[in-house]
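See below for the structure under consideration.
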Amino acid sequence: MLLDNLRLLITCNMKLRSLKPAFFLLVLFFIFFSFDSLAQTGIIRGSISEKSTGEPVIFTNVYLKGTTMGSASDVNGLYVISKIPPGKYTLMVTYLGYDTLSMEVDIQADDILNKTLVLTRSSIILQEVNVSAERQEARTETKTSVNKVTPKEITRIPSIGGQPDLAQYLQVIPGVVFTGDQGGQLYIRGGSPIQNKVLLDGMIIYNPFHSIGLFSVFDTDILRNADVYTGGFGAEYGGRISSIMDITTRDGNKKRIAGKINASTFGAKVLIEGPLSKQKENGGSSSTFIFSAKNSYLEQSSQIFYEYVNEDGLPFNYLDLYGKLSFNFGNGSKINLYGFNFTDQVNQYKTIADFSWKSAGGGTNFVIIPGKSAVMIGGHASYSKYSISLKDNINPDRTSEINGFNMGFDFNYFLGRDQLKYGIEVLGFTTDYYFINSVNRTIEQKENTTELGMYVKYKKTAGKVLIEPSFRLQWYASLATLSPEPRLALKYNVTDRFRIKFAGGLYSQNLISATSDRDVVNLFYGFLSGPDNLPDEFDGNEVTHNLQKSEHLILGVEFDFGRFISVNIEGYYKNFSQLSNLNRNKIYDEGKSPDEPDLLKKDFIVEKGDAEGIDATFKFDNRKFYFWAVYSFAYVNRYYEDINAQMQHYYPHFDRRHNVNLLGVYRFGGRMDWEISARWNFGSGFPFTQTQGYYEKVNFDEGIYTDYTTVNGELGILYADLNAGRLPTYHRLDFDIKKRFHISERSVFEIDVSVINVYNRKNIFYVDRITNEIVYQLPIMPSLGASFTF
C-alpha cells in the first residue's frame, strides 16, 4: 500500500509540470512572502500556559496597556503582537478564572522579544472578564458560520451516564441535523457525512460517530478545542464541499501524573496523563504523555438495566484508544506524536446480521518558531485507515475500505492587526468498495488517488471592517483536474454591540458516498473515489469534470444585549452544482450493453442540488445560569435525470424543515458543585421512500435457460416515488443532575444521574419493509454514572 501511494505522489509531481501558470504564480507568491521585514518596529511573542498543569491557555487576550495593540492566543497558546513602535509598555493578560498578569516590557526596533506567560488560577471569578474576551474576539475575527467548542461547552449538555460527548453537543449547533439515536449521522446545512471533513490533530478521521448516535470516537477530556465550520470556510481547508470539523487534543499535564476514571450503565473509560520531563514553574521545555481508553458494554448491561428496550439487549459495542506524546520547547515550538484505534460492532440487531467498522492511524504535527523571524511554521503528517462491512437480512452484503496519508505545511505571519497565512497540503488514498444492488448487478471499485492543494489567506483590518480574502488551488491527480477556489469573509462592526458578516466561496471534492438512499437502516458509511466514467451529459449540458462542487453564500448579523445576552442570525445558500451518486437504477453491465441508456448501465450518475435556510441562536450566560436556544428553517433539494432525460426532484432523507434545540443549565451550591441541565429537541419529519407493493422476483441465474415457470423467486419490493413520504415529527427531552465532591485540592468525585427521552416519546427509527414492524428510537432510559478525577 505504501508503494502505491509513493507511485501516486511521483505521478502527481510529474503532472505538475503541465499545470496552469496560476499554480506557479501561487508558488512565487509564497516565496515572495517568505522574506519578512520588521520595518523599524518591534515584535513581542511567546506562549501562555496555566501554572498548575502547564496546559496552554487558548483564545485569551494579550495586549499592551493604554494602546490598541494586542493579540489573542491561538489553539496552542501562542501569541504574537507585531509592528510595535520602540518604547516601554505594560504587557497585560486577563482571562476568566485566573489572576490578571502584567509585566513591563521594553521594545526595541528590529527586535523580537520572547515572553513566556504563566497564569495562576484565581479564587475570585470575574464574569465580566469572560464576556469582554469573547466580545473582543467577535470584533476582531470574521467568525461566520463557525462554532468554537471546548470541553466547557460539551459538559453543559445532559450527559449520558456521566460521559459528556462531542456527538451530543454537535446536535445543538445551528444548521446541524441529527438523524437518530441509533445509527444516526450528522448532516450539516444540506451536506451529507461524506461532504463533512473531520480532522483530529491534522489527521483525517473518516467516521467520527458510533452506531449508537450518543457517542463519538473522541474522549471529551482529551479535547482542547473543536472548530466546527458549517459553511463558508477559508482556503486553508479543502477537499470537502459542505463543512469542516477541526479538532485539537491536549498535550497532557506537564507538572504531575493526573487522570480520570469513569463508569456508568452504558460504558467506562480511563484517562492517564503526566510529564516525561517536568516543566519548571516559570515555563520552559517539557515532554508529556496522554492516553485515553473508552468502551461500551451496553450489550451486556442492557440485558440487566434496559431489557424492556429490546429483549436481546442493545448490541452496540465500541472501543476507542488514543495516545499522544508531546515535546515542548522553551520558545513555544513543539512536536506531537499520536496514534488511535477506534472500533465499532453491532451484532444480530433487528434486520442487521452483522455490522462493524474499524479505524486506525497515527502521525505527527509540529509548530516551529524561528528565532529571528516573525513567522510561525506549522505542519502535520499522518496515515489512517478505515474499513466497514454490513450484512443484513434484506440487502446483499457490502464492504468498503479507504486508507491513505496526508501531510502539509502552514506559514503564519502577524503584520500588526493584519495576518497572512499560506501553505501546501498533499494527500493520497486508496478506496476499495464492493456492493450488489437490488437487481443483482455488482458495483465495485478499487482506485488510487492523490490530491495536492495550495492556499493563501490574508486578513486585513481597516477601521471597523475586517476583510479576509483567500484562494485555494486543488489538484486532483486521478481525474487530471485543477480546481481554482476563491473565497471571501467580511465583517463590519457597525457598533461595539452590532456586527454584520458575510462568507462565501467555491469548493470541490473527489470522495463520494457508498451509501444507498434506499437502505432500511442507514448504518453503512463507506467511501468511493470520484469515478471517471460518469455520463457524458447532464441536464442538457456536457459533463466537463468528474468532481463534486458547491458554492456557498452566507450573510449574518450578531447582536449583544447587555453583558450576558447575545443573538446570532445567519441566512445561507449552498448550491451543489455537481454531485455524484450511486446509480440505483443500474440493470445492465456497461461493457455488455453499450446501446442502453446511461441511467441503466452506469455505476454512478450525476445529480445537482441546493440547500437554503436560516439559523437563529440566542445565548444567555452568567455564572449560575446558561440558556441556549437554536431554531433552524431549511430546505434541501436534489435533482436527477430520468431515463427520458427529464429532470426529477426529490428531498434527500436528511431534509428537515424545522429544527429546534433548547438547552438550560443551572449551577448552585457554595462551590457551584451542583448542576442541573435539560435539553429538548424538536424536528419535523424526515422524508422516506414508501413501499408500494410486493412481487415475486426471478433473478434468471441461468440466463435464457431459466425456467421462470418452475424456479422459486425471491420477494421483490415495489417502491413508491423516491422519498415522497414523511415520517412523524421527532422530539425528545433529556435531563441530567450532577454533584461534585471535592476530596482534595486536586481530587474530585462526581455522581451523575441522567434520563434520555424523559416523557418516553415513540420516535420512529424505521419500518421493516417485509414485516411492516415499526422500530422505534430509544425509549426512556435512565442512567447512573460516577467519575473520579485526580
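Counting only heavy atoms of protein chains, what accessible area per residue, in Å², does the chain have with a probe of 1.4 Å?
40 Å²
Check the straight Cα-Cα distances from Lys739 and name the aspartates and glutamates below 19 Å, setting aside those fewer than 8 residues away within the same chain.
Once the sequence-local aspartates and glutamates are set aside, what remains near Lys739 is Glu153, Asp165, Asp221, Asp673, Glu675, Glu750, Asp752.
Quick one: which of 379-385, 218-224 comes out on top by average Cβ neighbours within 10 Å, and what's the full order, highest first?
218-224, 379-385
Calculate the translational D of the chain in whole µm² s⁻¹ from Stokes-Einstein, where the hydrodynamic radius comes from the Kirkwood formula applied to all Cα pairs, the temperature is 20 °C and the viscosity 1.002 mPa s.
77 µm²/s
Give the whole-number value, in cubic angstrom per residue, of the convex hull volume spanned by the C-alpha atoms of segment 176-275.
Hull volume normalised by residue count: 106 Å³.
Do the alpha carbons of any pairs in Lys115/Lys385; Lys148/Lys324; Lys280/Lys459; Lys143/Lys446; Lys83/Lys491 sit beyond 32 Å of each other, and which pairs?
The answer is Lys115/Lys385; Lys280/Lys459; Lys143/Lys446.
With a 1.4 Å probe and all protein chains left in place, how much of the accessible area of the chain comes from carbon and sulfur atoms, in whole percent?
Carbon and sulfur: 57 percent of the exposed surface of the chain.
In nm, to one decimal, how far is the His658 label point from the Asn114 one, both placed 7 Å along Cα→Cβ?
Distance between label points: 5.9 nm.
By a straight-distance test (C-alpha under 23 Å), which lysines pair with Lys608 as possible cross-link partners, with residues fewer than eight away in the same chain excluded?
Result set, ordered by chain and number: Lys197, Lys549, Lys574, Lys586.
With unit charges on the beta carbon (Lys/Arg positive, Asp/Glu negative), name the residue among Thr461, Asn772, Phe411 whose Cα is farthest towards the positive pole of the charge dipole of the chain.
Ranked along the dipole, the leading option is Thr461.
Please give the peptides 167-174, 582-589 ranked by average Cβ packing (other Cβ atoms within 10 Å per residue), highest first, as a rough proxy for protection.
Highest mean packing first, the order is 167-174, 582-589.
According to a simple spin-label model (label point 7 Å from Cα along Cα-to-Cβ), what is the distance in nm between Ala462 and Asp106?
So the label points at Asp106 and Ala462 sit 4.0 nm apart.
Of Asn336, Ser400, Ile107, which is farthest on the positive side of the dipole of the chain, counting Cα position, with +1 on Lys and Arg Cβ, -1 on Asp and Glu Cβ, and the Cα centre as origin?
Working it through, the farthest residue towards the positive pole turns out to be Ile107.
Of all the C-alpha pairs in segment 457-603, what % are more than 25 Å from each other?
Distances greater than 25 Å cover 51 percent of the Cα pairs.
Quick check: with the 1.4 Å probe, what order do Glu596, Glu607, Glu696 take by accessible area, largest first?
Most to least solvent-accessible, the answer reads Glu696, Glu596, Glu607.
Straight-line reach only, C-alpha to C-alpha below 24 angstrom: list the lysines that Lys762 could link to, leaving out same-chain residues fewer than 8 apart.
Partners found: Lys350.
Between beta-carbons, use under 14 Å as the cut-off and find the net charge around Leu199, counting Lys and Arg +1, Asp and Glu -1.
-3
With a cut-off of 8 Å between alpha carbons and a minimum separation of six or more residues, what is the relative contact order of the chain in percent?
Computed value for the chain: 10 percent relative contact order.
For Ile222, what charge total do you get from the other residues with a beta carbon under 9 Å from its beta carbon, if Lys and Arg give +1 and Asp and Glu give -1?
Net local charge, Ile222 excluded: 0.
Between Asp99 and Ala480, what length in nm is gained on full extension when 0.36 nm per residue of separation is reduced by their alpha carbon distance?
Here the answer is 131.5 nm.
Once you list every other residue whose beta carbon is under 12 Å from the beta carbon of Asn541, what net charge do they have if Lys and Arg are +1 and Asp and Glu are -1?
-4
At what distance in angstrom do the alpha carbon centres of segment 728-766 and segment 646-718 lie from each other?
Each part reduced to its Cα centre gives a spacing of 26 Å.
Mean separation of Cα pairs under 8 Å and 6+ residues apart, divided by the residue count of segment 200-262: what relative contact order is that in percent?
35 percent
Step through the residues of segment 95-112 one at a time and calculate ³J(HN,Hα) from phi using the Karplus curve (6.51 cos²θ - 1.76 cosθ + 1.60, θ = phi - 60°), rounding each to whole Hz and writing x for Gly and Pro.
7, 4, x, 10, 5, 5, 10, 9, 7, 7, 10, 10, 8, 10, 5, 6, 9, 10
Let me check against my output: what whole-number percent is the relative contact order of segment 669-732, with C-alpha pairs under 8 Å and at least 6 apart?
50 percent
Please give the peptides 659-667, 705-713, 618-626 ranked by average Cβ packing (other Cβ atoms within 10 Å per residue), highest first, as a rough proxy for protection.
Final packing ranking: 659-667, 618-626, 705-713.
The values are calculated or read from the model by the stated rules, or taken from the named source; none is laboratory data. As the structure is a prediction and not an experimental result, all values here were calculated from the model. Neighbour counts are summed over all protein chains in view; Cβ atoms, including those assigned to glycine, are modelled from backbone coordinates with ideal geometry. Heads up: the accessible areas ignore ligands, DNA and RNA and are worked out on the full protein's heavy atoms, side chains in. Shrake-Rupley method; radii C 1.70, N 1.55, O 1.52, S 1.80 Å.
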